[in-house]
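S.K.: This structure is in structure tokens; I'll ask about it shortly.
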Amino acid sequence: MKIEIIKCLQDNYSYLIIDESNQDACVIDPSEANPIVDFIKNKKINLKYILNTHHHYDHIGGNLELKKKYNSKVVGFKNDKSRIPGIDILLEDNQVWKANNFEAKIYHIPGHTSGHIAFHFFKENKIFTGDTLFSLGCGKIFEGTYQQMFNSLTKIKKLPKHTKIYCGHEYTLQNSNFCLTYDPKNLKLKDKIIEIKKKLNDNLPTIPSVLADELECNIFLRAKDLKSFSKLRVLKDNSY
Ligand code: ZN
Ligand code: FE
């Protein structure tokens, strides 16, 4: 499977997962249809599935247009069936979604929204974490509790260390400043920041990140208990 990173809106990423054996593809969180259509144009890609991590507009904005244009099926969490436009296939926590040659384990990871899920393509060691885990950060808690978000991140922390993390936004540089402020002696983080700046200077995404690096550098994953996690989340919400 090949992953193509497609920039949408201001700082969103949508991802195309392409099965190179037959050019079937899934798109993760199409914020808008146009950048996806532009990418697919003149290629023999069959957009079979639209996968949504959660219902926010910057993750589902392209659903209906893409569904209509390519006759794709929309796939999302069953509890969010009234909030995900065009939903066809309802997923449950811990199920393995299998279609064509695609296979992903579904994790319900509430906190940012109550119905947020992650798609873990375990055979490829890639996870799509939407707005729950970012590189060097985590999502704001809009609908859930600190406990839920902490538990959701803990689930992701337990995956194999070489798992690649594909998240919903390019927030890495801003996040790195926050991490450095509260973890100023972390040498691994300092190295990562140099890498991040290099990529951004070359106009490249900082995504994917690798779980091993996040475990060492992401202050929200380093928080050892709910209390310290919550304290960090509050500080981040009040920082600019
Ligand atoms: Zn969101
Ligand atoms: Fe978002």
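S.K.: Report the one residue of T154, L204, S114 whose Cα lies farthest in the direction of the positive end of the charge dipole of the chain (charges on C-beta: Lys and Arg +1, Asp and Glu -1; origin at the Cα centre).
M.R.: Of the candidates, T154 comes out farthest on the positive side.
S.K.: Separate question: Past 31 Å, Cα to Cα, is the threshold; run K98/K199; K43/K157; K197/K231; K199/K236; K98/K157 against it and keep the listed order.
M.R.: In this structure, K98/K199; K43/K157 lie more than 31 Å apart at Cα.
S.K.: Between D88 and Y146, what is 0.36 nm times their sequence separation minus the Cα-Cα distance? Round to one decimal in nm.
M.R.: 17.8 nm
S.K.: Calculated FRET efficiency, K41 and E124, Cβ-Cβ r, R0 25 Å, to nearest 0.05?
M.R.: So, using R0 = 25 Å, E works out to roughly 0.45.
S.K.: Give the cross-link partners of K224 among the aspartates and glutamates, using a straight C-alpha distance below 18 Å as the criterion and excluding same-chain residues fewer than 8 apart.
M.R.: Straight-distance partners of K224: D183, D213, E214, E216.
S.K.: What order do you get for 159-172, 87-100 when each peptide is scored by the mean count of other beta carbon atoms within 10 Å, highest first?
M.R.: Highest-to-lowest ranking by the protection proxy: 159-172, 87-100.
S.K.: Of all DSSP beta bridges in the chain, what percent run antiparallel (nearest 5)?
M.R.: Antiparallel: roughly 65 percent of the beta bridges in the chain.
S.K.: Please report how far the C-alpha centroid of segment 178-240 lies from that of segment 15-93, rounded to the nearest whole angstrom.
M.R.: The two parts, judged by their Cα centres, are 29 Å apart.
Values quoted throughout were computed directly from the atomic coordinates according to the rules given, and no laboratory measurement underlies them. These figures come from a predicted structure and were not determined experimentally. We place every Cβ from the backbone using ideal geometry, glycine too, and count neighbours over all the protein chains shown.
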